[in-house]
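K.L.:
Sending over a structure as structure tokens; questions will come in a sec.
The values are calculated or read from the model by the stated rules, or taken from the named source; none is laboratory data. All of these numbers come straight from a predicted model, not from anything done at the bench. Positions of Cβ are generated from backbone atoms using ideal geometry, with glycine treated the same way; all protein chains shown enter the neighbour counts. Quick note on the areas: whole protein, heavy atoms, side chains included, nothing else; ligands and nucleic acids left out. Shrake-Rupley method; radii C 1.70, N 1.55, O 1.52, S 1.80 Å.
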Amino acid sequence: IRKSVDEKQKLERIDADVIQIWNQSVLFVRNQTDLLISHLKTAETMFVGRCIIFITLFLFTMFNIPVKNSSIFFFQIAWGCYATFQLVRLYLKTSQAERITSAEYNLCKQLASIDPTALAPECELKIKHLHYLVSHKETKIRFGSYITYNRSLVLSVFSQVVTYLIVLMQFANK
């Protein structure tokens, strides 16, 4: 959408049909996001929970189970690889969600830079409506009221892992 806005702005060919296509594209992306959220809400919430549990248990076993033979060592390596894989998946998902949010923010800035006085009156209203649509309801990939996929999710997972690890370590020392 941003490339189309750039192209039409440079060529000075912004008309009502072009703005309508941009509006439909924005609505299509939002509908796809809502569809994704509705179908994957439970699975993604469980995925984040699994990440927290696997990372916590890996660190707990690494700190508390002495390596006496090679089977325990290989178990810890395998567990560590799986926990790392889960964490990388979480990071990649949050990065993709951030890209969607930042692309929409950049589109909003670009729409704000269009001079509405150079357009026909109906185009001016459509541009203002599209800008309002993009700026006032930001697209976020949010699974329920628990999880929003953004950079802070990874930090939240780390903080929960540290909290649970501290509690487990206290119980293990008793």
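K.L.:
List the trypsin sites (Lys or Arg not before Pro) within the range 82-172 that DSSP assigns to loop and that have no more than 12 neighbouring Cβ atoms inside 10 Å. Please report the intermediate quantities before stating the final value.
P.N.:
Working: sites: Arg89, Lys93, Arg99, Lys109, Lys126, Lys128, Lys137, Lys140, Arg142, Arg151; in loops: Lys137, Lys140.
Hits after loop and neighbour filter: Lys137.
K.L.:
Taking the highest mean first, how do the peptides 129-136, 47-54 order by number of other beta carbon atoms within 10 angstrom per residue?
P.N.:
Sorting 129-136, 47-54 by mean packing, highest first, produces 47-54, 129-136.
K.L.:
Place a +1 charge on the Cβ of each Lys and Arg in the chain and a -1 charge on the Cβ of each Asp and Glu, then give the dipole magnitude about the Cα centre in debye, rounded to the nearest 20. Can you show the working numbers first?
P.N.:
Details: 20 positive and 13 negative charges, 153 e Å.
Using Cβ point charges on Lys, Arg, Asp and Glu, the chain gives about 740 debye.
K.L.:
Right, next: Solvent-accessible area per residue for the chain at a 1.4 Å probe radius, Å²?
P.N.:
Details: 11410 Å² over 174 residues.
Using a 1.4 Å probe on heavy atoms only, each residue of the chain averages 66 Å².
K.L.:
To continue, here is another question. Tally Lys and Arg at +1 and Asp and Glu at -1 over the other residues with C-beta under 15 Å from the C-beta of His136: what net charge comes out? Write down the numbers at each step before the final one.
P.N.:
Values: positive: Arg30, Lys109, Lys128, Lys137, Lys140; negative: Glu104, Glu138.
Neighbourhood net charge equals +3.
K.L.:
Oh, and also: Using a cut-off of under 20 Å, list every residue of the range 137-174 whose amide N is near the label point 7 Å from the Cα of Lys68 along the Cα-to-beta-carbon line.
P.N.:
172-174
K.L.:
With labels modelled as points extended 7 Å from the Cα through the Cβ direction, what inter-label distance (nm, one decimal) is found for Asp6 paired with Ile166?
P.N.:
Between Asp6 and Ile166, the simple spin-label model gives 4.7 nm.
K.L.:
A further question follows. Give the residue list of GluC sites (Glu not before Pro) in the range 1-79 that are DSSP loop and have at most 16 other beta-carbon atoms within 10 angstrom.
P.N.:
Passing both the DSSP loop test and the Cβ count: Glu12.
K.L.:
Which one, [x] 190; [y] 128; [z] 113, gives volume of the Cα convex hull per residue in Å³ as derived from the coordinates shown?
P.N.:
The calculated read-out lines up with [y].
K.L.:
Each label point is 7 Å from the Cα along the Cα-to-Cβ direction; what then is the distance between the points at Leu155 and Met46, in nm?
P.N.:
Rounded to a tenth, the inter-label distance reads 3.0 nm.
K.L.:
Another question, then. Please work out how many pairs of lysine residues in the range 106-174 are eight or more positions apart (or on different chains) and have Cα atoms closer than 29 angstrom.
P.N.:
Numbers: Lys109/Lys126; Lys109/Lys128; Lys109/Lys137; Lys109/Lys140; Lys126/Lys137; Lys126/Lys140; Lys128/Lys137; Lys128/Lys140.
So the count works out to 8.
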